[in-house]
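The values are calculated or read from the model by the stated rules, or taken from the named source; none is laboratory data. The model shown is predicted, which means the values in this text are computed figures rather than measured ones. Quick reminder, even Gly has a Cβ in these numbers, built from the backbone with ideal geometry, and neighbours come from all protein chains shown.
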Amino acid sequence: MAQTKNASHPKGLYVLFATEMWERYNYYGMRAILVLFMTKALLFSKEFSSHLYGGYTSLIYLSPLIGGFIADRFWGNQRSIITGGLIMALGEFVLFFCGSTYTSNAELSQILFFSGLGFMIAGNGFFKPNISALVGQLYPKGDTRIDSAYTIFYMGINVGGALGPFICGLVGDTGNPADFKWAFLVGGIGMLISVAIQLIYHRKFVKDPDGNTLGMEPTNSQPISRNPIIMTIGMLLLVMVSTGMLYLDSGLASIKHIGFTINGIEIGTALFTNLIFLLVASIVTIAAIIFTDKTLSSIEKSKVLVIFTVSFFVVFFWSAFEQAGASLTFFADEQTNRDLGFFVVPASFFQSLNSVFVVGFAPLLAWLWVRLGKHDPSSPTKMALGLFLLAMGYLWIAFGVKDVQPGIKVSMIWLLGMYALHTLGELCLSPIGLSLVNKLAPLKFASMLMAVWFTANAFANYLAGALSKLYPEAGKSKNILGFGIENNFDFFIMFVFMSGAASLILFFLSKKLQSLMK
């Protein structure tokens with residue numbers, strides 16, 4: 001393995017750190033107040049807001065498939081990052097105007113709201129997949145600093161993830177719905193800072209070991225693809241498609257008689273109007289392409305099967321974990337005692353906890369895996385442990401609300417403990433799963449199998465919105481698969497059973513998966 005005489009990191013790492021930090025500040029800050037804005041300002045129901053939240057975050061995970069493809073073949077990383085960042089900033093400013101007009105013009109406000117989310121989805125698709133890819137390219141092959149570089153970069157993500165909900169919550173989640181617009185405004189300003197850092201410092205500092213600027217357009221890219229008019233038209237089309245898909249999936253509008261029917265079911269229409277069909281179709285299509293490829297060996301196909309299997313279990317994890325932006329925000333807002341006597345903690349602040357705990361726990365778990373040495377658990381076992389810790393987090397908060405009468409607020413300690421356990425679970429599952437995909441994917445299908453991982457996350461976020469719709473409300477009886485949900489205890493226990501069962505099954509499968517990994 002190569003060694004380096006200079007142990008310091010290239011300045012380009014800190015440019016990427018700052019760029020990503022401000023983007024994550026923008027995204028997580030906006031997400032922290034999103035369902036509160038929908039229910040308190042736009043007066044959407046909790047069920048509708050949960051569904052819309054799920055659709056939005058699902059498309060956030062799908063759009064990088066398009067942005068990554070365009071960057072690799074036409075635009076290059078930096079142009080994609082800057083374009084995506086500007087589109088996201090514009091989305092925040094559109095949402096700012098939505099928050100400024102909802103009392104005077106409800107129809108215009110609704111148009112602005114869906115359009116703002118469409119801009120955020122499209123922009124994220126070009127920003128998110130392109131910046132992480134540049135970190136490793138700053139170093140020569142085998143450089144011993146690469147692991148610590150990604151650790152530093154990951155800290156940037158979580159610094160932004162902690163600051164966003166805190167600052168956006170402070171200015172927007174004040175108890176007055178008219179103030180939500182300020183959260184969108186400061187989020188957009190943060191995104192502009194991210195873009196400015198890229199524009200000013202990228203060409204100067206983000207370079208490979210030979211001094212060549214990274215992330216420029218591919219050598220075989222045609223100049224017409226970078227024509228500003230072509231780029232603008234293309235991005236606006238993506239915004240329109242993203243907005244339209246979100247609007248149709250929400251049920252506010254419908255398309256009839258598209259495509260074809262099977263046994264009287266309009267399959268074509270379903271694919272256009274319901275994201276769940278698009279997600280399933282994406283996974284099935286990718287699986288068919290890979291498993292029917294005759295150039296792959298049986299060993300390579302067994303490794304691919306492991307990737308599909310762990311991606312399936314990832315759906316159970318993130319669909320429960322991502323309640324943070326939906327049902328758990330409702331719980332923090334309505335049924336958590338946030339009054340410290342001198343300050344009432346905004347409900348949105350609790351979404352900073354995950355990032356704060358990541359910064360605290362990540363070094364501990366990194367040390368633990370090394371310390372275990374030959375006893376270090378396999379990747380599927382670690383992921384099963386992540387699901388178990390997620391179940392324990394929900395069990396903790398379920399006991400916190402057990403036998404608590406409606407209208408009684410519980411201590412913040414229950415949310416704090418739950419988020420701590422969930423973060424430990426995330427650190428056992430998320431980085432381990434990403435590493436596993438990189439290790440097992442045949443080179444020919446490396447990008448496509450990473451798409452499987454992101455599609456599983458998209459599926460999970462959509463499911464998270466559907467499950468959040470089950471959050472109990474006074475006078476409403478809800479059930480899922482025969483399981484009645486009458487109160488918060490029932491709601492949280494549902495996630496204990498769901499993630500606990502997934503954990504046990506994955507534990508039992510871990511040895512079989514290890515053998516398939518070869």
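Hey, among Val206, Val239, which residue is of a type outside the set (Gly, Ala, Ser), under 29 Å from Tyr462 (Cα atoms) and crowded, with 18+ Cβ neighbours inside 10 Å?
Val239
Is it true that Ile131 is buried (at least 19 other Cβ atoms within 10 Å of the Cβ), in contact with an Asp or Glu (Cβ under 6 Å, 6 or more places away or on another chain), of a type in the set (A, V, I, L, M, F, W, C) and not in a loop (DSSP other than H, G, I, E, B)?
Here the answer is yes, as Ile131 does meet what is asked.
Just a yes or no: is a residue in segment 405-423 at positive phi and without any contact (Cβ under 8 Å) to a residue 40 or more places away in the chain?
Yes, because at least one residue in segment 405-423 is at positive phi and without any contact (Cβ under 8 Å) to a residue 40 or more places away in the chain.
Can you say whether Leu90 is surrounded by fewer than 24 Cβ atoms within 10 Å (Cβ to Cβ), at pLDDT 95 or above and farther than 16 Å from Phe180 by Cα, as far as the supplied structure shows?
Here the answer is yes, as Leu90 does meet what is asked.
Return the pairs, sorted by first residue and then second, in which the second residue is exposed (fewer than 10 other Cβ atoms within 10 Å of the Cβ), the first residue lies in segment 218-231 and is closer than 11 Å to Trp75 by Cβ, the beta carbons are less than 7 Å apart, and the residues are 6+ apart or on different chains.
Ile230/Ile224
From Leu481, Leu504, which residue is surrounded by fewer than 20 Cβ atoms within 10 Å (Cβ to Cβ), within 22 Å of Thr309 (Cα to Cα) and aliphatic (A, V, I, L, M)?
Exactly one of Leu481, Leu504 is surrounded by fewer than 20 Cβ atoms within 10 Å (Cβ to Cβ), within 22 Å of Thr309 (Cα to Cα) and aliphatic (A, V, I, L, M), namely Leu504.
I'm checking my understanding of the structure. Among residues of segment 452-507 that are without any contact (Cβ under 8 Å) to a residue 60 or more places away in the chain and among the charged types (D, E, K, R), which one is farthest from Pro380 (Cα to Cα)?
In this case the residue turns out to be Lys476.
Rundown of residues vs (1) in contact with a strand residue (DSSP E or B) (Cβ under 8 Å, 6 or more places away or on another chain); (2) under 30 Å from Pro363 (Cα atoms); (3) assigned by TED's automatic domain parsing to the domain that holds Thr329, yes/no style:
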position	(1), (2), (3)
Gly417	no, yes, yes
Leu421	no, yes, yes
Lys444	no, no, yes
Phe454	no, yes, yes
Tyr471	no, no, yes
Ile480	no, no, yes
Phe491	yes, no, yes
Ser510	no, yes, yes
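Residue by residue through segment 338-391, note down the ones that are aromatic (Phe, Trp, Tyr) and closer than 20 Å to Leu416 by Cβ.
Once the filter is applied, which keeps residues that are aromatic (Phe, Trp, Tyr) and closer than 20 Å to Leu416 by Cβ, segment 338-391 yields Phe342, Phe343, Phe349, Phe350, Phe357, Phe361, Phe388.
Yes/no matrix, rows are residues, columns are (1) part of a helix (DSSP H, G or I); (2) buried (at least 18 other Cβ atoms within 10 Å of the Cβ):
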residue	(1), (2)
Leu43	no, no
Leu52	yes, yes
Ile66	yes, no
Gly116	yes, yes
Thr144	no, no
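Here is a yes/no grid of residues against (1) of a type in the set (Gly, Ala, Ser); (2) at pLDDT 90 or above; (3) within 30 Å of Thr213 (Cβ to Cβ):
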position: Gly118; (1), (2), (3): yes, yes, no
position: Pro129; (1), (2), (3): no, no, yes
position: Asp143; (1), (2), (3): no, no, yes
position: Ala149; (1), (2), (3): yes, no, yes
position: Leu170; (1), (2), (3): no, yes, no
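Return yes when Asp173 is within 16 Å of Tyr25 (Cβ to Cβ), assigned by TED's automatic domain parsing to the domain that holds Pro64 and charged (D, E, K, R) and no when it is not.
Against the criterion (within 16 Å of Tyr25 (Cβ to Cβ), assigned by TED's automatic domain parsing to the domain that holds Pro64 and charged (D, E, K, R)), Asp173 qualifies.
State all residues of segment 304-319 that are under 17 Å from Lys444 (Cα atoms) and surrounded by fewer than 22 Cβ atoms within 10 Å (Cβ to Cβ); if no residue qualifies, say none.
Within segment 304-319, Leu305, Phe308 meet the criteria.
Would you confirm whether or not segment 93-105 contains a residue that is among the β-branched types (Val, Ile, Thr), in the same structural domain as Val135 (by TED's automatic domain parsing), within 19 Å of Leu192 (Cβ to Cβ) and assigned to a helix (DSSP H, G or I)?
The answer is yes, given that some residue of segment 93-105 is among the β-branched types (Val, Ile, Thr), in the same structural domain as Val135 (by TED's automatic domain parsing), within 19 Å of Leu192 (Cβ to Cβ) and assigned to a helix (DSSP H, G or I).
Out of the residues in segment 72-87 that are of a type outside the set (S, T, N, Q) and farther than 15 Å from Glu20 by Cβ, which is surrounded by the fewest Cβ atoms within 10 Å (Cβ to Cβ)?
Filtering segment 72-87 for residues that are of a type outside the set (S, T, N, Q) and farther than 15 Å from Glu20 by Cβ, the one surrounded by the fewest Cβ atoms within 10 Å (Cβ to Cβ) comes out as Arg73.
Taking segment 140-181 as the region of interest, how many residues are of a type in the set (Phe, Trp, Tyr) and free of Cβ contacts under 8 Å to residues at least 24 places away in the same chain?
Qualifying residue count, segment 140-181: 1.
Looking only at segment 146-164, decide whether some residue is part of a loop (DSSP other than H, G, I, E, B), in the same structural domain as Ile60 (by TED's automatic domain parsing) and of a type in the set (Ser, Thr, Tyr).
Within segment 146-164, not a single residue is part of a loop (DSSP other than H, G, I, E, B), in the same structural domain as Ile60 (by TED's automatic domain parsing) and of a type in the set (Ser, Thr, Tyr).
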